[in-house]
1. Compare GLU325, GLU362 by solvent-accessible area with a 1.4 Å probe and give them largest first, with all protein chains kept in place.
2. If you roll a 1.4 Å probe over the stretch 155-279 with all protein chains in place, what percent of the accessible area is carbon or sulfur?
3. Taking every DSSP beta bridge with both residues inside the stretch 291-379, roughly what % is antiparallel (nearest 5)?
4. At 1.4 Å probe size, with every protein chain present, just tell me what the per residue accessible area of the stretch 236-379 comes to in Å².
5. If I model a spin label as a point 7 Å beyond the Cα along the Cα-Cβ vector, how far apart are those points for LEU147 and TYR188 in nm?
6. Between the stretch 120-193 and the stretch 339-377, how far is it from one alpha carbon centroid to the other, in angstrom?
7. What is the sum of charges, Lys and Arg at +1 and Asp and Glu at -1, for the other residues whose Cβ falls under 15 Å from the Cβ of SER209?
8. How much of the accessible area of the stretch 292-379, in percent, comes from carbon and sulfur atoms when a 1.4 Å probe is used?
Amino acid sequence: MLTWASPLWSGRYSKGQVMGGKGVKKVGGAEKSSGSKKAAAAKAQKPQNIQDLARIAGVSAATVSRALAGTGNISSATREKIRALAHQYDFRPSNTARNLRMGRTGTIGVVVPLGHEKTQHFSDPFFMRLLALIADRIAERGYDLLLSKVVPHDPEWLSRQVDSGRVDGMIIIGQSNQSDVINSVARYYDPLVVWGAALDEQIYCSVGSDNRLGGRMATEHLLSLGCRKLAFFGDPSVPEIEQRLEGFRDALRDKGNGAVGTTLPVHFVPEQALEDISGFLDMADKVDGIFATSDTIAMTALQALLDRRRAVPKDVKVIGFDDLEIARRTVPALSSIRQDLEAGADALVDLLFRKIAGKSVETVMLKPQIVTRGSTTCD
């Protein structure tokens with residue numbers, strides 16, 4: 001521990017000085033006192049808020065705010081003067097204070113509800129890709145992102161999120177089996193946009209692919225290559241997967257010419273999916289075409305087929321859905337139905353900010369594309 005003692009006098013005095021008398025000069029005392037006064041004066045002069053800086057600049061606080069934000073109709077000379085003063089005094093406006101004045105938090109909530117698959121991870125490549133694209137676009141607008149994974153235990157989970165006052169708007173990645181909950185909140189909370197299937201009963205705005213068309217395209221591709229016994233891998237309790245299953249059935253009915261299909265409700269978690277698919281293949285050894293409703297499920301199917309020494313695409317042809325980067329890295333490379341996730345992220349963020357601004361918006365449906373690779377066609 002440090003202790004401070006009074007300074008010791010050297011015992012040397014200039015002419016006319018008497019110890020303790022009025023003529024005593026304390027060396028360094030005047031300079032120290034003068035320096036302290038200057039520091040105090042500088043601190044007092046340093047602007048603590050936009051109003052202080054406005055008084056120094058001789059302009060209004062609104063002019064300062066616009067100059068520092070780079071907005072508004074201000075002369076270049078005034079703008080440069082204010083920025084120079086801000087630099088001189090090392091002044092940075094408080095974002096918190098600005099947001100309070102505007103009634104905003106400066107934060108967008110992004111939530112992933114997993115009512116259908118409680119053990120699914122954020123590390124799922126689809127989540128990682130879409131979340132990264134959304135995060136970039138939110139950051140470009142000067143906002144922060146608050147990310148939540150929710151395993152719903154009661155119907156109030158979303159209302160708690162939006163009523164917390166922590167965010168200015170909410171993006172929901174996938175309805176899972178929670179469309180009724182989302183509808184109930186959308187009735188009173190407007191700045192909310194959902195990635196996923198467009199449902200007849202929804203009152204909220206959504207962005208997503210035409211899943212039924214995508215399912216039909218994938219199935220027709222397998223049929224065109226001569227597949228006669230097709231399998232659909234995916235959990236139809238999820239709205240997007242249910243629509244892809246409808247497309248699968250449409251194609252078999254309209255283009256099948258006697259081809260048959262079966263459905264296996266496969267988990268999204270890879271370990272469980274491998275167990276599901278392996279058990280199916282042990283019993284259904286005659287299947288010659290597989291439509292997997294995600295690229296990760298399709299990759300798992302490739303592994304299960306390899307374990308059973310069934311060649312792809314010679315013995316079994318496999319097509320996925322999403323067309324993520326990993327689809328190009330499998331062996332063989334994976335055919336897939338491409339969702340335009342960049343366009344999807346653009347639309348999600350744009351629609352949300354338009355809603356925050358009080359504008360009306362409409363649901364966006366993206367057209368899927370088929371991308372064929374070695375898992376269905378020989379190179």
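1. Correct descending sequence by accessible area is GLU362, GLU325.
2. Percent of accessible area from carbon and sulfur atoms in the stretch 155-279: 47.
3. Percentage antiparallel, nearest 5: 40.
4. It amounts to 47 Å² per residue over the stretch 236-379.
5. Placing both labels 7 Å along Cα→Cβ, they lie 3.1 nm apart.
6. 16
7. -4
8. Carbon plus sulfur share of accessible area: 47 percent.
The values are calculated or read from the model by the stated rules, or taken from the named source; none is laboratory data. The structure displayed is predicted, hence computed values, not measured ones. Every residue, glycine as well, gets a Cβ built from its backbone with ideal geometry; the counts of neighbours run over all protein chains shown. Just the protein is used for accessible areas: all its heavy atoms, side chains included, with ligands, DNA and RNA removed. Shrake-Rupley method; radii C 1.70, N 1.55, O 1.52, S 1.80 Å.
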